[in-house]
Amino acid sequence: MEINTFKMAFEAPEVGFILSHAVYCRDVFKLKKGQRAVISNGRIIGPLEAGELFNQDDFHLLENIILKTSGQKIKSHVQQLGVEEDLASDLVMKVDALLSAQPKGEARIEYQFFEDRYSAIKLKQKEEEIYFDVVAIVDPATREAQRLAPLLIVLNKLINMNLRVFMNCQSKLSDMPLKSFYRYVLEPEITFTAEKHLIPGPVAKFLDMPQSPLFTLNLNTPESWMVESVRTSYDLDNIYLEEVESVVAAEYELEHLLLEGHCYDITTGQPPRGLQFTLGTSTNPVIVDTIVMANLGYFQLKANPGAWFLRLRKGRSDDIYKIYSHDETDSPPDASDVVVVISNFKSKIIKVKVQKKPDMLNEDLLSDGTNENESGFWESLKWGFTGGQKKEEVKQDKEDVINIFSVASGHLYERFLRIMMLSVLKYTETPVKFWFLKNYLSPTVKEFIPYMAKKYNFQYEFVQYKWPRWLHQQTEKQRIIWGYKILFLDVLFPLAVDKFLFVDADQIVRTDLKDLRDFNLDGAPYGYTPFCESRREMDGYRFWKSGYWASHLAGRKYHISALYVVDLKKFRKIAAGDRLRGQYQGLSQDPNSLSNLDQDLPNNMIHQVPIKSLPQEWLWCETWCDDASKKRAKTIDLCNNPMTKEPKLQAAMRIVPEWQDYDQEIKQLYNQFHQEKESGILITTNETESQIQKDTLLHGEL
């Protein structure tokens with residue numbers, strides 16, 4: 001043996017590196033000679049036994065566990081610190097090892113309960129088997145208890161457990177806190193028929209219900225689900241079991257899964273208020289669009305299972321900003337194309353960070369890129385001399401269409417809605433497009449509107465928005481609908497819609513609404529009609545004339561929310577939606593505030609979001625307006641009368657002479673619709689929804 005050659009090889013850096021690892025394994029990991037172990041981010045798995053295999057699948061599983069439990073979270077924090085790539089990997093490993101070495105705190109605290117003979121439910125475990133010890137403390141007269149009880153029942157069927165439920169009731173109640181019946185749709189296991197077919201369902205059943213109350217059927221769904229009723233012959237808002245001959249049945253379908261997100265400007269750390277996103281597929285880049293709220297930088301988009309591309313909307317958003325990074329997506333964080341895969345029924349919430357382009361640092365996203373005072377001859381002269389061209393989204397000449405938004409829930413108000421639409425069409429010569437809040441419409445009216453659109457030659461579209469989880473929730477359906485009338489106007493409509501009119505379902509129109517659409521709002525984002533004050537016998541009911549409202553309005557009018565016009569460009573430009581939601585979040589915590597949510601909120605915000613008062617003749621209401629002014633009325637609203645409490649249907653027939661003629665015309669069309677439906681010759685579709693479904697089918701296999 002050549003001693004010199006051996007010494008040179010032994011002292012070479014490569015061998016020294018191996019020897020240092022051997023010493024490290026012996027002194028730090030305490031491994032004996034020949035023993036094997038796997039070290040991942042400072043965690044030691046081993047020593048492995050002689051016959052114990054650790055193959056490719058085991059490494060893959062270990063990698064997934066490390067990433068999901070800590071690795072991904074640590075990595076995102078390290079990226080925020082801007083650490084160099086060479087050092088970042090070691091830093092992630094060291095932090096993970098340090099955290100995993102920390103002692104685990106006790107997750108369970110034992111309490112001793114005494115005198116529980118009459119205040120606890122106890123279900124014993126099966127003897128001589130391993131069991132879970134489960135303790136629940138609930139106030140039985142709460143919504144939370146309604147949800148917890150069925151979960152515990154299903155859990156008891158699935159596992160062996162010793163269950164103790166302690167009743168922690170309030171000692172004094174001024175009112176019954178629980179006024180609803182609740183069923184949790186959850187089965188312990190999948191069940192099959194005798195023919196080995198999957199049993200349809202699961203199903204919520206309400207048995208032995210009281211007959212006299214008026215019931216409303218509501219669904220509580222996961223936050224990312226959009227569910228709609230698709231089949232029922234009953235008015236789910238007004239269920240009188242005394243009048244029901246058999247069983248009230250309703251079928252629902254999961255229509256969309258939401259993509260939610262939060263967006264921030266990395267330079268300011270603030271949400272880029274007014275930034276616009278689009279969501280589409282590889283074949284159709286723009287299917288839906290939305291705007292980023294200043295509230296938490298939140299945005300939501302309707303999606304379905306499959307792969308989706310999130311992009312900045314062409315125009316000022318794409319001109320001024322670029323996507324800097326994104327988390328919880330399905331493409332690399334620095335990739336320019338943000339790919340999001342909807343692959344399960346859980347919430348998909350992403351984080352997007354954007355940055356202004358270097359030459360756009362002083363640009364304001366909410367401005368239109370021009371000085372509002374520059375117009376006409378001087379502006380054209382300037383651009384003619386410089387040869388410049390505004391870097392603006394190319395705007396096509398828009399069709400002259402009047403956009404009318406309305407909401408309805410329950411068969412009675414859907415009947416009013418159809419009559420209101422007919423009255424609009426009788427007087428308005430300009431093409432009309434109706435927009436309906438789809439969330440609470442019955443299956444019947446959703447089928448009938450396309451049929452009516454063909455007969456009367458109008459456009460229509462259903463819009464939806466899921467109440468954000470971070471915004472204070474309303475529990476009563478009527479208050480939820482009121483919320484949709486005012487809280488989400490900036491995000492409810494496609495961004496191409498510049499202006500719309502809201503017309504209540506129970507109104508009758510007697511004029512061409514083009515005059516209202518073209519009404520000059522003098523820079524205000526919206527215009528409302530003030531409450532009438534000419535019917536003197538109602539003075540005692542005018543709550544806005546005294547107390548808080550008299551002080552807050554300081555001589556201004558209190559406006560009614562049955563009819564209003566919204567300039568969406570101005571509304572979005574001044575971030576009116578963000579301001580209204582912020583005020584709502586503060587006031588709605590008090591149950592005594594915002595009694596008339598859709599009316600009180602804009603009137604309360606009149607100093608921050610100005611209201612243009614429309615001429616009084618735009619809305620006449622018998623409750624508040626005298627009889628002499630009726631002949632000048634351009635619309636008639638069927639307001640509730642707190643003095644007489646006259647039923648609305650009866651009031652409609654008495655107050656509006658043409659109402660019954662409209663009603664008969666709609667009934668004839670409705671009968672014709674049913675005849676064609678039963679004969680099988682009726683085909684109606686919604687173009688917008690069909691497009692979403694079509695694109696979903698193209699990539700649904702993902």
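Please treat every number below as a calculation from the coordinates, not as lab data. Computed from a predicted structure; not experimentally measured. Positions of Cβ are backbone-derived with ideal geometry, glycine not excepted, and every protein chain shown enters the neighbour counts.
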*Subset of Lys438/Lys667; Lys302/Lys466; Lys438/Lys477; Lys157/Lys196; Lys438/Lys677; Lys433/Lys485 violating a 20 Å alpha-carbon distance limit*: Lys438/Lys667; Lys157/Lys196; Lys438/Lys677
*Which net charge results when you count Lys and Arg as +1 and Asp and Glu as -1 among the other residues whose beta-carbon is under 14 Å from that of Tyr548?*
+1
*Among Arg273, Arg43, Arg654, rank each residue by its count of other Cβ atoms within 10 Å, from fewest to most, as a rough exposure measure.*
Arg654, Arg43, Arg273
_Shape verdict for the range 159-215, please, from the Cα gyration tensor: rounded (a/c under 1.5), prolate (a/b greater than b/c) or oblate._
oblate
*Taking neighbour counts of Cβ atoms within 10 Å as a proxy for exposure, in what order, fewest first, do Lys30, Lys172 appear?*
Lys172, Lys30
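Can you pick out the pairs among Lys314/Lys514; Lys73/Lys94; Lys357/Lys499; Lys179/Lys446; Lys514/Lys569 whose Cα atoms lie more than 22 Å from each other?
Lys314/Lys514; Lys357/Lys499; Lys179/Lys446
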_Relative exposure of Arg572, Arg311, judged by other C-beta atoms within 10 Å (fewest first)_ = Arg311, Arg572
*List the cysteines in the chain whose Cβ has no other cysteine Cβ under 4.7 Å from it.*
Cys25, Cys169, Cys263
*Helix 85-100 axis, angle to the chain major axis (alpha carbon atoms, nearest 10°)*: 90 degrees
*asked:* Looking at the range 402-648 only, what percent of DSSP beta bridges run antiparallel? Nearest 5 please.
replied: 45 percent
*Going by alpha carbons, how many degrees (0 to 90, nearest 10) lie between the helix axis of 376-386 and the longest principal axis of the chain?*
30 degrees
